[in-house]
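The values are calculated or read from the model by the stated rules, or taken from the named source; none is laboratory data. Computed from a predicted structure; not experimentally measured. Heads up, the Cβs are rebuilt from the backbone with ideal geometry, glycines too, and the neighbour counts pull from every protein chain shown. Note: areas computed on protein heavy atoms with side chains; ligands, DNA, RNA excluded. Shrake-Rupley method; radii C 1.70, N 1.55, O 1.52, S 1.80 Å.
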Amino acid sequence: MNLRFLGEGGDWHPADVLAGARKETPGDYFGSKVMIHWLDVLKKHAGLPAATDARLLAELFGEDFTMIHLYREDTVAAAVSFTLAGLNQEWHRRTGESAKQVVLPDWEVLNVMISDNVTWLDWCRHRLRMAASTSMRAVVEMRYEDLEREPAAELRRAVTAIMGEEAASAHELTVGTKLVKQRNERSAELRGRWLAEHPGYGSYDLG
């Protein structure tokens, strides 16, 4: 389920979108990415504008589902990444693909854009944790930084929560991706500059 493909307008119901995706998914388990800032649009299309986030997720995925709460601890790095992706219109890149080259706006403009995204991402993380805390379902909290450092261990933790320890241990887990990380010297420089100009926000030492 991706709002960039579905669009905020039109006449579609998220339950129908999920039902179609389930039919095309092999195996006994089904999962869908749901960005926290998509929920208000999903509520509108589901005819549940006043529902809580937890209720909407239960309506779409049933009473017995596992929530994988994935977030990035370094909000500033995430904000820089989100800002650059929006400017480049490049949200992911596959192995072998060339990076899009665009001229970035002046720092005064970038500074405001990154600041806005820092505030927005902090709000998203707070809302996501609120949704997880009010859900009666299994919740696995996972940091992007841990997933990047130890992908097999983190994914095994998620699989165990979904399937149960006995069932999960009976399956071999193969970790792989066709996507490449877009973090580079430019994004690191922008992150460092923003933090230097906003010392009150705090900083991260992620190694």
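Below, the figures for the structure above:
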{"read-out": "In Hz, Karplus ³J(HN,Hα) per residue of the range 37-45 (6.51, -1.76, 1.60; θ = phi - 60°; x = Gly, Pro)", "value": "7, 7, 4, 5, 5, 5, 4, 4, 6"}
{"read-out": "Rg [Å, one decimal], Dmax [Å, integer] - the range 19-69, C-alpha atoms", "value": "11.6, 34"}
{"read-out": "Rounded accessible area per residue of the range 58-207, 1.4 Å, Å²", "value": "63"}
{"read-out": "Expected 222 nm ellipticity per residue - DSSP helices of 4 or more, -39500 (n - 2.57), all of the chain, to 500", "value": "-16000 deg cm²/dmol"}
{"read-out": "Charge dipole magnitude, Cβ of K and R +1, D and E -1 - the range 111-200, Cα centre, debye nearest 20", "value": "240"}
{"read-out": "Dimensions in Å of the chain - Rg and Dmax from alpha carbons", "value": "18.8, 55"}
{"read-out": "Compactness of the range 1-90 - radius of gyration and Dmax, Cα, Å", "value": "14.8, 39"}
{"read-out": "Among LEU195, LEU104, LEU70: highest mean-square fluctuation, GNM of the chain, C-alpha pairs under 10 Å", "value": "LEU104"}
{"read-out": "q = 0.17, 0.19 Å⁻¹: log10 I(q)/I(0) that the Debye formula gives for the range 84-206, counting C-alpha atoms only", "value": "-1.16, -1.27"}
{"read-out": "Projected label distance in nm at LEU104 and ALA153, using a 7 Å step from Cα toward the beta-carbon", "value": "3.2"}
{"read-out": "Longest segment of the chain lacking GluC sites (Glu not before Pro) that sit in a DSSP loop with at most 16 other Cβ atoms within 10 Å", "value": "98-171"}
{"read-out": "Proximal charge balance of PRO49 [Cβ under 9 Å; K/R count +1, D/E count -1]", "value": "+1"}
{"read-out": "Under 5 Å, built H, 5+ apart or other chain: amide partners of MET67", "value": "ALA138, VAL139, VAL140"}
{"read-out": "Theoretical gain in end-to-end length, HIS126 to THR66 [0.36 nm per residue, Cα-Cα removed]", "value": "19.7 nm"}
{"read-out": "Using alpha-carbon coordinates, inclination of helix 151-163 to the longest axis of the chain, degrees", "value": "30"}
{"read-out": "Dipole magnitude of the chain about its Cα centre (Cβ charges: Lys, Arg +1; Asp, Glu -1), debye to nearest 20", "value": "280"}
{"read-out": "Sequence-separation-based contact order of the chain, relative, with Cα cut under 8 Å and 6+ spacing, percent", "value": "25"}
{"read-out": "Dipole of the chain [Lys/Arg +1, Asp/Glu -1 at C-beta], most positive-end residue of MET142, ALA78, LEU6", "value": "LEU6"}
{"read-out": "Most fluctuating residue given options ALA131, ALA78, ALA51, as computed from a GNM of the chain linking Cα atoms under 10 Å", "value": "ALA51"}
